[in-house]
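Have a look at the structure below, then the notes.
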Amino acid sequence: MTIFQAIILAIIEGITEYLPVSSTGHMIIASAVLGMPPDDFVKFFTVNIQLGAILSVVVLYFKRFFKSFDFYYKLIVAFIPAALFGVLFNDKIDSLLESPLTVSIALLVGGIILLFVDKWFDKNESDGATKINFKDAFIIGLFQCISMIPGVSRSAATIIGGLSQKLNRKTAAEFSFFLAVPTMFGASAKKIVDIYQEKSLDFFTADRIQLLFIGNIVAFLVAMLAIKAFINYLTKYGFKLFGWYRILVGSSILILLASGFSLSVA
């Protein structure tokens, strides 16, 4: 991996992590386009730079993170389903990370769903709740499990999960951001442990540490801007634009694959 490739992936991560368009899916496709094989470091890099995106949420919502212990309990309740699911199906999830076809189908189907989300939950904007209880948190956590399929989008799944519990769009989106912190931290920590057990600390060469540092810094800065823009746009206009974008990208990838264009990441 070159510094240029690292920066491109980090920009994509920062823009897409909190948008309902699937950051993982976009990085899989970008890696394929950039000709990057899915070796252990590329997989580790795409997970690890999420830490930079995590930090952007902590900085932007600093006061909320230190408001009450009740807040942390709800995050833990929401995090548990994905943690268990990830442990049970880790190998299967890793295999899906190498499939542009899976990503394209998930983007397309998810895009179609987003076209109707605003209509389905229209009343939430006028009558929706602004506070989350433990039941809401757990159900949102169950929705997050769906996002382990590359291309689904963790943000989309958890926000829709929140809307299903009659939260308004802003509250659902912000809780989705907060839930990203333990989820991404857990995923990154697990990858570090896995790499240590399989490869030892020799895996982290000076060049690789430099790439990880650059990637996290870029992802942090870009995510700071993306979060603010997304909340403002979502509150005013809803999900339809993101739905059409997903349909366009997913359909384009399917057409390329069907025409024999190589997007193999093997």
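Rounded to the nearest 20, the size of the Cβ-charge dipole of the chain about its Cα centre is 940 debye, with Lys and Arg at +1 and Asp and Glu at -1.
Which shape class, rounded, prolate or oblate, goes with the range 145-266 when its Cα gyration tensor gives a ≥ b ≥ c as root eigenvalues, a/c under 1.5 marks rounded, and past that a/b bigger than b/c marks prolate? Oblate. Karplus-derived 3J(HN,Hα) values for the range 133-141, using 6.51 cos²θ - 1.76 cosθ + 1.60 with θ = phi - 60°, are 9, 5, 5, 4, 4, 5, 5, 4, x Hz; glycine and proline are entered as x. The simple spin-label model puts a point 7 Å past each Cα toward its Cβ; for residue 138 and residue 126 those points are separated by 3.2 nm. Largest mean-square fluctuation among 31, 252, 200, in a Gaussian network model of the chain whose springs join Cα atoms under 10 Å apart, belongs to 200. Sorted fewest first by neighbouring Cβ atoms within 10 angstrom, 62, 121 come out as 62, 121.
Under 5 Å from the amide H of residue 129 lie the amide H atoms of 167, 168, each residue being 5 or more positions distant or on a separate chain, with H modelled from the backbone and absent for Pro and chain starts. With R₀ set to 30 Å, the beta-carbon distance separating residue 210 from residue 33 gives a calculated FRET efficiency near 0.85. Enter the Cα centre distance for the pair the range 204-246 and the range 19-58, rounded to the nearest angstrom. Their Cα centres are 10 Å away from one another. For the peptides 4-14, 173-183, residues were scored by their other Cβ atoms within 10 Å and the scores averaged per peptide; the highest-first order is 173-183, 4-14.
Each peptide in 48-60, 69-81, 17-29, 133-145 was scored by the mean count of other Cβ atoms within 10 Å over its residues; highest first, the order is 17-29, 48-60, 133-145, 69-81.
Rounded, prolate or oblate for the chain? Axes are the square roots of the Cα gyration tensor eigenvalues, ordered a ≥ b ≥ c, and the cut-off for rounded is a/c under 1.5. It is oblate, given that a/c is not under 1.5 and a/b is not larger than b/c. The calculated FRET efficiency for the pair residue 196 and residue 112, based on their C-beta separation and a Förster distance of 35 Å, comes to about 0.25. Taking amide H atoms as placed 1.01 Å from N in the peptide plane, the amide H of residue 21 lies under 5 Å from those of 156, each 5 or more residues away in sequence or on another chain. Look at 169, 154, 246, 208 and count the other Cβ atoms within 10 Å of each Cβ; fewest to most, that gives 208, 169, 154, 246.
Only the coordinates and a few stated rules stand behind these numbers; no lab work does. Keep in mind the model is a prediction, meaning the values are calculated, not measured. Cβ sites come from the backbone with ideal geometry, for glycine too, and all protein chains shown count toward neighbours.
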